[in-house]
Amino acid sequence: MTGAAHLSGSDESHLDWFFSAGQLLLGSSVSGPILDRIRDHAIVHVMHPDTWAEVQRRRPNAPPPDAVTARPTGSSRDEAGYTPDEAALRRYAHISRRLAALERRDPRSAAVLCAYYGDQGARWARTDLGRLFALWLLTCAGRALLERSDADMRRRKAQVAAAPLERLANEAQLERVRPQPGRRALLDRARCESLAMYRSACQLWTSMGPR
């Protein structure tokens with residue numbers, strides 16, 4: 001397989017940040033296109049002429065007439081929100097635009113990177129199944145394994161309450177204590193397919209370059 005099988009350290013760092021701290025700070029309100037419109041229609045503050053005239057007449061050490069002159073007290077109040085700095089805004093916008101371009105080119109590759117570097121990937125990275133497990137639902141073998149699990153649950157008239165990835169994790173655990181050739185084959189295929197999908201997404205991301 002030619003091309004990049006994995007992302008560079010810089011790209012991995014950007015995507016890790018985007019799907020963790022970046023989403024917490026900006027995910028609900030900011031995206032690349034929105035930032036572009038803010039930049040193109042930036043509002044520049046212009047002081048009112050009367051205020052400017054007063055500034056010219058004020059004494060050298062006097063504060064501007066529109067300045068906040070209250071002195072801080074011993075108490076403080078935490079703000080409900082957080083205003084990201086300009087570097088964080090630019091970083092989020094850059095990654096957001098790259099992901100949007102990737103999705104237009106290949107939606108599956110965008111879904112792979114979102115799953116791998118997003119919440120699910122971060123969660124399963126802390127287990128023995130590893131980060132790639134977050135991609136299993138995107139694979140043919142993973143979906144087949146889930147259907148097999150659901151059919152078994154229906155035969156036993158058991159109630160399905162766990163999330164799909166949780167049920168796949170249960171199948172992997174069950175294979176360790178009660179091996180079955182058919183299940184083992186699907187587990188192996190899901191691992192191979194998820195790795196191939198990740199490598200393909202990395203190649204496309206790298207080939208498209210920065211936006």
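Net charge within 11 Å of Tyr117 by Cβ-Cβ distance, Lys/Arg positive one each and Asp/Glu negative one each, not counting Tyr117 itself? Its environment carries a net charge of -3. Peptide packing for 103-115, 190-202 was compared via the average number of neighbouring C-beta atoms within 10 Å per residue; ordered from the highest value, the list is 190-202, 103-115.
A simple rule links phi to the HN-Hα coupling: the Karplus curve 6.51 cos²θ - 1.76 cosθ + 1.60 with θ = phi - 60°, which for the stretch 143-156 gives 5, 5, 5, 5, 4, 4, 5, 5, 5, 5, 5, 5, 4, 8 Hz, with x for Gly and Pro. Counting beta carbons within 10 Å around each of Asp152, Asp11 and listing the fewest first gives the order Asp152, Asp11.
For the stretch 188-195, the Karplus equation 6.51 cos²θ - 1.76 cosθ + 1.60, evaluated at θ = phi - 60°, returns couplings of 5, 5, 4, 5, 5, 5, 5, 5 Hz by residue, with Gly and Pro reported as x.
Farthest toward the positive end of the dipole of the stretch 138-211, out of Leu168, Ser200, Pro210, is the Cα of Leu168, where the dipole comes from beta carbon charges about the Cα centre. Per-residue Karplus couplings for the stretch 120-136, computed as 6.51 cos²θ - 1.76 cosθ + 1.60 with θ equal to phi - 60°, are listed in order as 5, x, 5, 5, 6, 5, 8, 10, 6, 6, x, 5, 4, 4, 4, 8, 4 Hz, Gly and Pro entered as x.
Only the coordinates and a few stated rules stand behind these numbers; no lab work does. Computed from a predicted structure; not experimentally measured. When we count neighbours, we look across all protein chains shown, and the Cβ atoms used for this are built from the backbone with ideal geometry, even at glycine.
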